[in-house]
Amino acid sequence: MMKDNILNVETRIQAACDRSGRKRSEVTLIAVSKTKPNEMLQEAYSNGMRHFGENKVQELVQKYEYLHNGFQEDVYWHLIGHLQRNKVKYIIDKAVLIHSVDSMRLAEQIEEEAAKRNLISDILIEVNIADEDTKFGVDGADIFHLIHEMSHLSHIRIRGLMAVAPYVEDPEKNREYFKKLRQLYVDIKTKNVDNICDGSNLDENASHGSKALENFDVLSMGMTGDFEVAIEEGATMVRVGTGIFGERDYSKAV
Ligand SMILES: *Cc1c(COP(=O)(O)O)cnc(C)c1O
């Protein structure tokens, strides 16, 4: 059953890649396992899944321990939900990528915890792409300033952008948002990089600034309802929960 789900998602990812002239290897499938029991993660692993996404710190840590105490060393954990500053310390050495950085204060906390452990933390900046009041994320207009500030943090690598598009029945409705995020990503990556990062020559950290976006290569967008459109618009990571694990039952959440 889960095997069929994964096969179905894989087939659709491949088709979306074919339609848009992209290689399957350009897109990472993240299995969003929130609220699902350890056994289902094990099953997903057995069916080839290696990237898992969780939106709660405690749940990520618990599942991390379960899978890593088994034989699986090659599992990669993504924190995709809102992150509170006081919880950064629990996941800093467990998540390969934090998708949900949306403030300088949070970035500074990640910097501090990463420095303590002498590691470099890969992060994405979450963008509130449809200006929804209910959503976390930075406004598109504020992002350049934020990246400029973050570029001085030497234990953080800004890898790209992430967005949660509105819930819609018709995925075509989200195409404009995926386009918008992709355009923002291209603007940051190419023409505006120098403006964002060079800062002032008097700035003692300026030399780091130019390196801050060297690895800017991730566009995390698209979920069960709209991942094909997201891939057509350039997503390099899609986060699929329901399409792999089935509907979530929040009354039984771990
Ligand atoms: C839950 C969640 C997903 C997956 O949602 P599905 O619609 O079940 O695929 C993706 N991204 C984020 C940030 C989520 O919280």
Within straight-line cross-link reach of K189, aspartates and glutamates at Cα separation under 15 Å, skipping those fewer than 8 residues along the same chain: D198, E214, D217
Return one number: the angle in degrees, 0 to 90 and rounded to the nearest 10, between the long axis of the Cα atoms of helix 175-189 and the longest principal axis of the Cα atoms of the chain. 40 degrees
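Grab the beta carbon distance between R19 and N118, set R0 = 41 Å, and tell me the FRET efficiency rounded to 0.05.
Numbers: r = 44 Å, r/R0 = 1.07.
Plugging the Cβ-Cβ distance into 1/(1 + (r/R0)^6) gives 0.40.
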Across the chain, what fraction of all alpha-carbon pairs, as a whole percent, falls in each successive 10 Å bin from zero upward? 7, 31, 36, 21, 5, 0, 0
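First select every other residue whose beta carbon is under 15 angstrom from the beta carbon of L7; then total the charges, Lys and Arg +1, Asp and Glu -1.
Local net charge: 0.
Using a Förster radius of 35 Å, what is the FRET efficiency between M104 and R248 based on their Cβ-Cβ separation? Nearest 0.05, please.
0.60
No lab work stands behind these numbers, since they all come straight from the coordinates. Note that the structure is predicted; figures quoted are calculated from it, not measured. A quick note on method: Cβ atoms are made from the backbone with ideal geometry, for glycine too, and the neighbour counts reach across all protein chains shown.
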